[in-house]
Amino acid sequence: MRADIFKRLGGMNTHQPRFTALLQTDGSFNHYTKRSRVAMILRTETHKYTLKHMETIPDAQDSTETEWASVNRGLLFALENNEQNIHIENDNMSVILGLMLPDKPLKNEYAKYHRYIIMNTVAKTYWTAIRWIPRELNTSDKLFGNKRRLR
């Protein structure tokens, strides 16, 4: 699997559109305070706007759950901002593979839940694809403002 290629998750169209919005998502979990947050940066399809959003998530079990939640909430954020052709980037390989490989068994109930919601949301878009990116390239991470994030 090449990291520079987006893998289609679904949507009403089967051919990639010429222009897409770019959505980067990230999750943050602090083991000491149990504070869980998700961050997202959405560059609109027209590239006129870059929208940023961060929110707290209640009751996350660990950092992987916040990564799943970041893709889930990020996708909803894109739809709320009228984006229908979406490329998603995230730096958590287990989340990426869990979405790219729909038959891949998932260990955690929260992962099964988020994959179910994400794939149902994807079905409402025109086109949605995803790829893994290295953490250094995930600019949504910077929204947390921490110099050293706890994972």
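Between M93 and R8, what length in nm is gained on full extension when 0.36 nm per residue of separation is reduced by their alpha carbon distance?
29.0 nm is the gain from fully extending M93 to R8.
With springs connecting C-alpha atoms under 10 Å apart, model the chain as a Gaussian network and identify which of S70, S28, S94 has the largest mean-square fluctuation.
Of S70, S28, S94, the most mobile in the Gaussian network model is S94.
When I130, I118, I57 are ordered from fewest to most other Cβ atoms inside 10 Å of their Cβ, what list results?
Result, fewest neighbours first: I57, I130, I118.
Just give me a number: lysine pairs in segment 7-144, eight or more positions apart or cross-chain, with C-alpha atoms less than 27 Å apart.
Final tally of qualifying lysine pairs is 20.
In nm, what is the difference between 0.36 nm times the number of residues separating H15 and N81 and their Cα-Cα distance?
Here the answer is 21.5 nm.
Which helices, counted as full DSSP H runs in the chain, have an axial Cα extent of no less than 30 Å and a Kyte-Doolittle average of 0.5 or above?
What comes out of the filter, once short or polar helices are dropped, is none.
Rounded to the nearest 500 deg cm²/dmol, what is the calculated helix-only ellipticity per residue at 222 nm for the chain, with -39500 (n - 2.57) per DSSP H run of length n ≥ 4?
It comes out at -8500 deg cm²/dmol, rounded to the nearest 500.
Kirkwood Rh, Cα Rg: Rg to Rh for segment 7-144?
0.95
Sorted from fewest to most neighbouring beta carbons within 10 Å, what does the list Y116, Y110 look like?
Y116, Y110
Every number here is computed from the coordinates shown, using simple stated rules; none is lab data. Predicted model only: the values in this text are computed from it and were never measured. Cβ: placed from backbone, ideal geometry, glycine included. Neighbour counts: every protein chain shown.
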